[in-house]
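Each remark here refers to the structure printed beneath this line.
Every number here is computed from the coordinates shown, using simple stated rules; none is lab data. None of these values were measured; they are calculated from a predicted model. Because the Cβ atoms are built from the backbone with ideal geometry, glycine has one as well, and the counts that use them run over all protein chains shown.
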Amino acid sequence: MSQVNVGTTQLNTLTSGGSTISIPKNITVSGNINFTGDLLQNGVLFETLPSQSPKTAGGILMSDGKNAFWGTTLAAEGDVGGNNNFGYYNSYPTTTTGAGGQNPTVASGDYLPYSGEGSWYDYNGSQYNITVGSQFRYRSIFTHSFLVGGYRGSNPWRSVNQCYNATDITISRGDQLDRAASYVDGNFGDFNGYVYGTVNSYGGSGASVSSVNLHTGTNRTFGPNGTPGHGDAYNTTPDSIGASMDTWDGTDDPGSASGQTTQRGYTAGGGPGSIQRMNFITEMCTRLGGGFSNSGATGSEGEYRCHLFGDTGSRCYIEFSNESVNSYSLSGWSGNGWKKNLSTKWGFCYHGNSNNVTLPWLKFNDTNNTAIGGQFNQADISSGEENMAMGQDWGYCLGNYASGTGNYQNNRTWKRFHATDADVVLGFKAEPKGHQGQSSGCCFTGAFSVTGLRYQ
């Protein structure tokens, strides 16, 4: 062939084989390239976006740092969904690879609990490696929070909102929950959050546990043998072996708290007198003794113990090291659990220290249960049924039930700085999206440095 000059690069040999032309050197092109046919990269179709179809319409484009994927309840072509009273929902496939997979491809290992650092194993025997800090506060750096469920009027929500702590910006992840959830609470591990008593109606008691991925904000539901739905992962009647993802007993507006170092969560109140424990590793729920039955409960946690509170006469803490359940008193402590607690990494928690739709808070040491200072009032209007989200150096109230004519559920959002206990009321960018108000949902918190290691 004759010589071809493209820009300043001279190509002395163009080889042709049938309909293929091979160019052995780089080409610099200053003008447009117009071609027909497919664009290939290493013989594979090159796509600027993941595969699209009518099923992915309205999807949220997400990335795990290497791969792009549609992060929505109608995301992947191979996903399996269904219908309930609130419309279509989708369950992600339980594959072993990929961003939406149940587990990444990793080496297998023994069935062992998570120790707080190093190797971590799930019930399938899959092993993960996590590097964490030596101090509880810096074990991981919390970067974002999720608000799930809640209600306005008599309408329960399936919605998920994600708040980015660095910017105070909250975005809607859509109707992700498989069941609508109002008057609920939840807890969270390193990778997933759990909602207790999702009954797909306004109020009511139920044993179903819904779950949200803490990296993508997408819904997770697992039934027998990895099929969509609730129940025992080992395909037995839940109570026949005393453990399943769903709780032993139905709950209605319980209080929940998390053990971050032990990767276990606890729920009390809302009907049953026992405490229900979720193992975040095995995703199996069992019972502990003690507890209380009061509805309208709340919970908070620190490094060594968590606190569950039903009313002035019903409260307990659980020591993470041995899971002992203990009742206690606290000077200045009051309220009925409708005003919610806020957890911190700073060695203390905030107790909503009064009844529903009020102002007071009480700060207390989460190790010895002693009050720190006296009662103080929040900067915003009177509220209750708050959606309180734990953070790194500050926490959030993402909507609540507030005072006003007839009282109302709203999206008012404020954050509290733990160094000063000071509140700052935030504007629309920080408020939950998708509804004109929501209260009595639950919140989860995640660290991208950890959640990015595993998608489940």
| task | Once you have a ≥ b ≥ c as the square roots of the Cα gyration tensor eigenvalues for the stretch 395-450, tell me rounded if a/c is under 1.5, and otherwise prolate or oblate according to whether a/b is larger than b/c. | result | oblate
| task | For the stretch 373-420, just say rounded, prolate or oblate: build the C-alpha gyration tensor, square-root its eigenvalues into a ≥ b ≥ c, call rounded for a/c under 1.5, and beyond that prolate if a/b exceeds b/c, oblate if not. | result | oblate
| query | Hey, how many Å between the Cα centroid of the stretch 414-456 and the Cα centroid of the stretch 367-397? | reply | 13 Å
| query | Given the convex hull of the Cα atoms of the stretch 144-451, what is a quarter of its surface area in nm²? | reply | 13.8 nm²
| query | What order do you get for 378-384, 214-220 when each peptide is scored by the mean count of other beta carbon atoms within 10 Å, highest first? | reply | 214-220, 378-384
| When the Karplus curve 6.51 cos²θ - 1.76 cosθ + 1.60 is applied with θ = phi - 60°, which whole-Hz ³J(HN,Hα) does each residue of the stretch 213-218 get, with x for Gly and Pro? | 6, 7, 9, 9, x, 8
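Using the Kirkwood formula over every pair of different C-alpha atoms, what hydrodynamic radius in Å results for the stretch 284-413?
Kirkwood radius, the stretch 284-413: 15.0 Å.
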| note | For GLY203, the residues 5 or more places away or on another chain with a placed amide H closer than 5 Å to its own amide H are SER182
| query | ³J(HN,Hα) across the stretch 282-296 via Karplus (A = 6.51, B = -1.76, C = 1.60, θ = phi - 60°), whole Hz, x for Gly/Pro? | reply | 8, 6, 10, 10, 10, 9, 10, x, x, x, 7, 9, 4, 7, x
| field | Ordering of 314-323, 328-337 by burial proxy (mean other Cβ atoms within 10 Å per residue, highest first) | value | 314-323, 328-337
| query | Taking H as built 1.01 Å from N, whose amide H comes closer than 5 Å to the amide H of ASP311, not counting residues under 5 places away? | reply | none
| message | I'd like the distance separating the alpha-carbon centroids of the stretch 160-189 and the stretch 276-328, in whole Å. | response | 22 Å
| task | Kindly flag which residue pairs out of LYS340/LYS429; LYS340/LYS415; LYS339/LYS363; LYS345/LYS415 have an alpha-carbon separation exceeding 19 Å in this structure. | result | LYS340/LYS429
| query | What are the residues whose amide H is under 5 Å from the amide H of GLY296, where those residues sit 5 or more places off or on another chain and H is modelled from the backbone? | reply | GLY270
